[in-house]
1. Where the centroid of each part is defined by its Cα atoms, how far is the stretch 250-284 from the stretch 91-129 in Å?
2. As a test of the formula, what do you get for the chain when each DSSP H run with n ≥ 4 contributes -39,500 (n - 2.57) and the sum is divided by the residue count, at 222 nm and rounded to the nearest 500 deg cm²/dmol?
3. Run the dipole for the chain about the Cα centre, Lys and Arg Cβ at +1, Asp and Glu Cβ at -1, nothing else charged, and hand back the magnitude in debye, nearest 20.
4. May I ask for the angle, rounded to the nearest 10°, between helix 214-223 and the longest principal axis of the chain, with both axes built from Cα atoms and the value confined to 0 to 90°?
5. Return the sequence-ordered ³J(HN,Hα) values of the stretch 389-396 in whole Hz as given by the Karplus equation 6.51 cos²θ - 1.76 cosθ + 1.60 applied to θ = phi - 60°, using x for Gly and Pro.
6. Taking a ≥ b ≥ c as the square roots of the eigenvalues of the Cα gyration tensor of the stretch 269-383, is the shape rounded (a/c under 1.5), prolate (a/b larger than b/c) or oblate?
7. Which value, in debye to the nearest 20, gives the size of the charge dipole of the stretch 66-119 about its Cα centre, when Lys and Arg are +1 and Asp and Glu are -1 at the Cβ?
8. Run down the aspartates and glutamates and flag those whose C-alpha is under 15 Å from the C-alpha of LYS346, throwing out any fewer than 8 positions away in its chain.
Amino acid sequence: MREYNFDGLVGPTHNYGGLSPGNLASAQHGGTVSHPRAAALQGLEKMRFVAGLGVGQAVLPPHPRPSLKTLRALGFTGTDEELITRAAREAEHLLRLTSSSAAMWTANAATGAPSEDTADGRMHLTVANLQQMFHRALEAETTHAVLRAIFADERHFAIHAPLPGGGHFADEGAANHTRLVTPGHRAVHLLAWGRSAWRSDVRPPTRFPARQTLEASEALARLHQLDPAQVLLPQQAPEGIDAGAFHTDVLAVGSGGFFMLHELAFVDAPGLLRTLAERLGEGFTYALATEDELPVRDAVKAYPFNSQVLALPDGSLAIVAPEESRETPTTRRFLERVVAGDNPVKAVHYLDVRQSMNNGGGPACLRQRVWLTDAERAAVKAHVFYTPELHASLADWVTRHYREELRAEDLRDPRLARETMTALDELTRLLRLGPVYDFQK
């Protein structure tokens with residue numbers, strides 16, 4: 001079984017709308033000029049680098065934006081151009097919400113479980129409903145269509161629709177999921193959460209919203225047919241959420257038998273580490289950052305935990321971190337300590353993903369982890385797995401179709417929607433996905 005990183009291509013409407021309360025970077029950069037072409041090319045360069053390390057790499061397409069289907073459902077009528085013009089005039093905030101390119105952060109696309117962990121022996125993915133934020137809840141339908149097109153063989157794959165129930169089962173995808181495993185031991189799935197829909201004894205954050213519910217995390221474990229002995233349901237620390245850690249992957253990341261976390265990632269981080277050591281045995285190692293060593297404000301600013309921890313062909317691990325983690329002294333020293341420690345991490349690499357970071361998404365936000373056997377890999381017929389040739393085709397596609405700059409007022413331009421549909425129609429042919437978008441049906 002091999003891990004593949006399915007990265008989301010940054011969309012043509014990549015902009016800084018400041019739409020996510022609790023995401024400090026998003027709020028800080030709201031309204032500034034974005035660079036869609038540079039953002040997409042940065043993402044492609046990260047894919048090239050990861051693939052060059054010998055790690056499985058694949059790609060997921062952007063979503064059509066603005067979401068004309070949503071604007072029509074909200075009462076705007078006329079041609080595509082007329083409804084965009086009317087929305088810009090009457091409800092500019094709705095145009096911003098429906099133009100978000102947040103689907104690029106595919107850590108929120110779904111939560112997965114590999115076939116070796118599930119009772120039916122299939123790889124499972126459950127599409128996240130993202131109910132906490134309107135602009136992200138729009139993603140679920142398209143994400144479901146895309147994943148069903150890629151993982152179409154039901155003998156190997158179970159692709160679940162988003163959880164029902166609105167806020168009660170609010171699910172933010174793999175950004176709150178970590179799978180850890182050591183030789184000779186069964187995998188452990190951490191399905192973290194920030195609030196409960198029914199329990200009254202849960203202490204909530206006070207400054208920012210907790211997005212994932214306990215009930216959603218429990219439902220994911222059932223849907224994926226995981227043995228309860230393989231599941232842990234830790235609560236996110238309210239203090240961490242209030243500091244800007246809106247998802248677990250802002251303060252914790254793991255791979256194989258290694259776990260890297262901040263002490264404010266979970267309500268009882270020491271207790272969680274003891275439980276993991278009991279479940280995973282001597283092969284389990286971790287790096288815990290204290291508030292004294294690494295203030296949570298620096299962790300939220302520089303995203304060292306929103307790094308990718310990658311298993312390399314030689315058995316070691318490497319960390320792919322954002323440039324901001326190198327530029328911030330406390331986060332750089334922490335990562336240097338990790339590399340020098342008694343664990344499998346032997347290198348840290350810093351990459352420029354500033355266009356994503358400015359909206360609150362680091363390297364780990366840009367990828368969905370999918371574990372596939374050789375037979376499962378062969379069952380995927382879509383042209384989504386990274387090759388140098390695919391990279392060249394995608395870079396050419398981005399260069400031809402993406403604008404260099406995008407300002408808030410540019411979202412009012414009806415031509416942007418037409419440019420996006422033309423680009424995505426070509427992309428689905430390039431990736432051999434078939435008609436996965438509304439405008440193609």
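Read-outs: derived from the displayed coordinates by stated rules, not from any lab. All of these numbers come straight from a predicted model, not from anything done at the bench. A quick note on method: Cβ atoms are made from the backbone with ideal geometry, for glycine too, and the neighbour counts reach across all protein chains shown.
1. 24 Å
2. Roughly -10000 deg cm²/dmol at 222 nm, from the helical runs in the chain.
3. Roughly 560 debye for the chain.
4. With both axes taken from Cα atoms, the answer is about 90 degrees.
5. Once rounded to whole Hz, the list reads 5, 5, 4, 4, 5, 5, 4, 5.
6. Verdict is oblate for the stretch 269-383.
7. Once rounded to the nearest 20, the dipole reads 240 debye.
8. ASP314, GLU336
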